[in-house]
1. For the subset of segment 131-152 comprising residues that are surrounded by fewer than 19 Cβ atoms within 10 Å (Cβ to Cβ) and over 25 Å from residue 52 (Cα atoms), which member is modelled with the lowest pLDDT?
2. Looking only at helices (runs of 4 or more DSSP H) that fall completely inside segment 86-149, which ones have 3 or more residues that are over 20 Å from residue 65 (Cα atoms)?
3. Tell me, which residue of segment 44-79 that is closer than 20 Å to residue 128 by Cα and of a type outside the set (Gly, Ala, Ser) is least open to solvent (accessible area, probe 1.4 Å)?
4. Checking the structure you have, find out if any residue of segment 33-44 is polar (S, T, N, Q) and under 16 Å from residue 154 (Cβ atoms).
5. Kindly provide the set of residues from segment 1-42 that are at pLDDT below 75, loosely packed, with under 13 Cβ neighbours inside 10 Å and in a helix (DSSP H, G or I), ordered by number.
6. Take segment 110-123 and flag every residue that is closer than 17 Å to residue 84 by Cβ and open to solvent by 30 Å² or more (accessible area, probe 1.4 Å).
7. If you check residue 107 against the conditions, is it open to solvent by less than 50 Å² (accessible area, probe 1.4 Å), touching a residue at least 60 places away in the same chain (Cβ under 8 Å) and under 28 Å from residue 88 (Cα atoms)?
8. Among the residues of segment 78-125, which ones are within 22 Å of the chain's Cα centre (by Cα), small (Gly, Ala, Ser) and over 27 Å from residue 35 (Cα atoms)?
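The values are calculated or read from the model by the stated rules, or taken from the named source; none is laboratory data. All values derive from a computational prediction rather than experimental measurement. A quick note on method: Cβ atoms are made from the backbone with ideal geometry, for glycine too, and the neighbour counts reach across all protein chains shown. Ligands, DNA and RNA are excluded from the accessible area calculation, which covers all protein heavy atoms including side chains. Shrake-Rupley method; radii C 1.70, N 1.55, O 1.52, S 1.80 Å.
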Amino acid sequence: MDAVLATLDDPQRIREWVEALGPWGPLAIVLALAGAIVASPIPSAPIALAAGALYGAVWGTAYVVAGAELGALAAFLIARRFGYEPVRRVPWIARWIDRTRSQAVLAGLVFASRLLPFLSFDLVSYAAGLTPLRLRWFALATLAGVVPVSLLLVWSGERMAAQGGAWIGTAVLLAGGITLLPLLWRKLRRG
């Protein structure tokens, strides 16, 4: 098991594994990323970096977005199926959920959380399944938030493959900048 976890935390090892799969590689990227989201402690960033190194920014992003969306939807549906009713039985949680019924507000929270790399993607997906947020709103908010972050990670993987690990500093700065986007948006809306 330690060898599997070590592989999942190393983009180069993932890249070698996916290359060995040949034409099944893209499907492996999608399923590995979805599995990393459903099984929360598995890191997904190395998978996205490997996708960029192997398939480039365009196709790599498509595979990563597909895997992230699939995993997020699975986590949401698991929480909805097994957690929604038990959570509603707790009076103070039920009162909070009843006050937060706005689909736009809940979807906005999901969208904003997807842009913040320090928030657990997995946890947000499971937590959203415990709210009255409709599946289609969750899927749209997740997709809209996942695309820019996935593009950044995949592009970083592509750059790292082309230029080596020294490029990682720029990727970290870009990720930090993405974190500030929701705050900037809020400030611009208030005018």
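1. The qualifying residue modelled with the lowest pLDDT is 132.
2. On the way: elements: 91-99, 103-114, 121-129.
Ranges flagged: 91-99, 103-114.
3. 76
4. Initially, segment 33-44 is screened for residues polar (S, T, N, Q), giving 40, 44.
Now narrow it down to the ones that are under 16 Å from residue 154 (Cβ atoms): 44.
Checked segment 33-44: at least one residue is polar (S, T, N, Q) and under 16 Å from residue 154 (Cβ atoms).
5. 2, 3, 4, 5, 6
6. Initial filter on segment 110-123 (closer than 17 Å to residue 84 by Cβ): 110, 123.
Residue satisfying the conditions is 123 alone.
7. Numbers: open to solvent by less than 50 Å² (accessible area, probe 1.4 Å): yes; touching a residue at least 60 places away in the same chain (Cβ under 8 Å): no; under 28 Å from residue 88 (Cα atoms): yes.
Spelling it out, it is not the case that residue 107 is open to solvent by less than 50 Å² (accessible area, probe 1.4 Å), touching a residue at least 60 places away in the same chain (Cβ under 8 Å) and under 28 Å from residue 88 (Cα atoms).
8. Within segment 78-125, just 104 meets the criteria.
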